[in-house]
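Read the structure below first, then the notes.
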Amino acid sequence: MRKNGLYKKVLSTIVAVTCAVSLSACGVVTSGESNESAATEEEDCCAGKEEAGGGAAASEGGAASADAAPAAVVDNPLANLSEEELDALYQEEDASKRTLHIAYSGGLCQVAIPVAYHYGFFEKEGLDTELTNVDDARDALAAGKIDTAAGMIAQWLTSVQNGVDIKFTLGLHTGCAAAVVLPDSDFQGFEKGMKIGFVGAFGGVYHNIANRFVAHDGFTEDDFTWLGFDQSAILLALQDKEVDAIVVSEQLSKAWVDNGEVRQIRSLTTDDDFKDEACCVLGIAGSFLDENPAASYKITKAVYKASLWLSESEENRKEAAKMLIENGYVSGTEEYSLELLNYYKFGLPPEVTEKSLYDSVDEYSKLGILSADTNPEEFKKKIYYAYDLSGVKAD
């Protein structure tokens with residue numbers, strides 16, 4: 001299995017680098033010598049720029065807390081390494097000798113990535129990184145054009161099932177999708193027989209999220225008529241009463257709510273059954289993680305530090321909003337970008353990420369979003385690589 005192979009490989013390398021950094025612990029192996037004993041000792045909201053309007057002040061964002069049990073950290077041979085040993089291991093990896101391509105296509109969902117880049121969190125981990133804009137992170141990962149990407153759980157679970165080799169190592173933030181109706185609509189929530197519109201295709205991000213919304217309210221997919229729309233057309237479809245409700249990114253819907261164009265009936269950000277879930281996750285290509293375990297850990301730590309930095313204060317989020325606008329990462333205004341950053345929770349601990357992923361796997365299996373032959377417990381082991389981040393703090 002991949003994890004066993006990775007463990008052996010890392011352990012073998014750790015033995016070698018530990019020899020180099022601690023001569024008292026083991027003998028020096030000179031050039032040309034072998035170490036056979038070591039060898040035998042040895043796994044959309046994020047979809048880009050979205051138009052941002054203005055609006056009233058949002059609820060205060062910040063660090064997320066979790067009632068979930070602590071995440072079961074994988075058998076991670078890096079866990080007990082000193083920083084010196086981790087750096088020595090990193091220097092043995094291919095990743096230390098090249099620029100790492102971190103996917104970022106704009107949008108507030110992925111904000112911890114440009115924060116990690118622009119405010120030096122990647123650099124402090126010794127990483128040479130480049131933000132790489134890609135149209136489709138899944139295809140780019142498969143083609144080896146990028147090493148790391150962010151994506152919504154609602155998208156990535158089906159991508160993994162369809163063959164994308166990726167490990168999730170970190171939850172980025174809560175929230176980021178909502179269901180809304182017209183302000184004068186009689187609907188106060190989902191009701192059987194409604195026509196529900198969503199951005200994108202059937203089986204895509206917002207269709208999957210809509211299915212979870214209605215399932216939580218006691219309905220099935222067959223209780224509704226479903227219609228997919230381009231992002232540019234979906235508000236007009238609601239206004240023309242082609243549909244009774246729509247499910248979209250909150251980067252769009254919150255501006256419409258603030259402007260009085262729609263009324264919210266469901267939210268991943270504020271509703272009790274979703275508000276503590278990770279919406280978006282950091283994913284690292286499985287092959288990259290296999291070959292570069294120390295670099296993968298450093299990438300995860302850098303993005304986590306950036307997320308913690310965002311959670312620390314509104315002043316930090318204000319600075320991040322300014323950076324996003326100045327670099328053209330999002331459209332609209334600094335004020336609205338800040339409003340949304342205040343709306344979400346950042347700094348999600350591993351137990352939140354684990355619970356969010358595993359709950360989604362269970363629900364997607366029951367809803368038929370994952371194929372009928374999917375073994376939920378095996379699938380959970382396949383998707384999540386949990387690091388011990390308990391001692392990590394924003395610098």
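The values are calculated or read from the model by the stated rules, or taken from the named source; none is laboratory data. This structure is a prediction, so every number in the text was calculated from the model and none was measured. For neighbour counting, all protein chains shown are included, and Cβ atoms are generated from backbone atoms with ideal geometry for every residue, glycine included. With ligands, DNA and RNA removed, areas are computed over all heavy atoms of the protein, side chains included. Shrake-Rupley method; radii C 1.70, N 1.55, O 1.52, S 1.80 Å.
List of remarks:
- Under the simplified labelling scheme, the Asp135-Thr333 pair shows an inter-label distance of 3.4 nm, with each label point 7 Å from Cα along Cα→Cβ.
- Rounded to whole Hz, the Karplus (6.51, -1.76, 1.60) HN-Hα couplings of segment 276-292, x for glycine and proline: 9, 8, 6, 8, 10, 10, 8, x, 10, 3, x, 5, 5, 4, 4, 7, 9
- Full extension of the chain between Asp272 and Lys192 yields a length gain of 26.6 nm, computed as 0.36 nm times the residue separation minus the alpha carbon distance.
- Directionally averaged shadow of segment 103-194, computed from the convex hull of its alpha-carbon atoms, nm²: 8.9 nm²
- Simple spin-label estimate for Asp395 and Glu242 gives 5.0 nm between the two label positions (7 Å along the Cα-to-Cβ direction from each Cα).
- Projected over every direction and averaged, the convex hull enclosing the alpha-carbon atoms of segment 271-345 yields 6.6 nm².
- Net lengthening on full extension, Ala142/Leu227 (0.36 nm per residue, minus Cα-Cα): 27.6 nm
- Taking N as its residue count, the alpha carbon Rg of segment 311-374 over 2.2 N^0.38 Å: 1.62
- Accessible area per residue for segment 313-395, computed on protein heavy atoms with a 1.4 Å probe, is 44 Å².
- Normalised by 2.2 N^0.38 Å, with N the number of residues, the alpha-carbon radius of gyration of segment 267-395 equals 1.21.
- In loop segments of segment 228-302 as defined by DSSP, the GluC sites (Glu not before Pro) with at most 15 further C-beta atoms inside 10 Å of their C-beta are Glu242.
- More than 19 angstrom apart: percent of Cα pairs within segment 79-138: 41 percent
- Along segment 155-166 the Karplus relation, 6.51 cos²θ - 1.76 cosθ + 1.60 evaluated at θ = phi - 60°, assigns HN-Hα couplings of 9, 6, 4, 5, 5, 4, 4, 8, x, 6, 8, 8 Hz to successive residues, with x for each Gly and Pro.
- Segment 223-341 shape via C-alpha gyration tensor axes, a/c threshold 1.5: prolate
- In segment 251-295, the inverse of the mean reciprocal separation of distinct Cα atoms equals 13.8 Å; this is its Kirkwood hydrodynamic radius.
- Shape summary of segment 155-285, radius of gyration then Dmax from alpha carbon positions: 14.9, 47 Å.
- Alpha-carbon centroids, segment 334-383 and segment 221-235: separation in whole Å: 22 Å
- Sequence of Lys366, Lys254 from largest to smallest accessible area, 1.4 Å probe: Lys366, Lys254
- Chain lengthening between Phe202 and Ser185 when straightened (0.36 nm per residue, less Cα-Cα): 3.6 nm
- Ala215 versus Thr99: modelled label distance in nm, points set 7 Å from Cα along the beta carbon direction: 4.2 nm
- Accessible surface for segment 167-227, divided over its residues, is 35 Å² per residue with a 1.4 Å probe.
- Rounded percent of accessible protein surface that carbon and sulfur make up, segment 252-354, 1.4 Å probe: 42 percent
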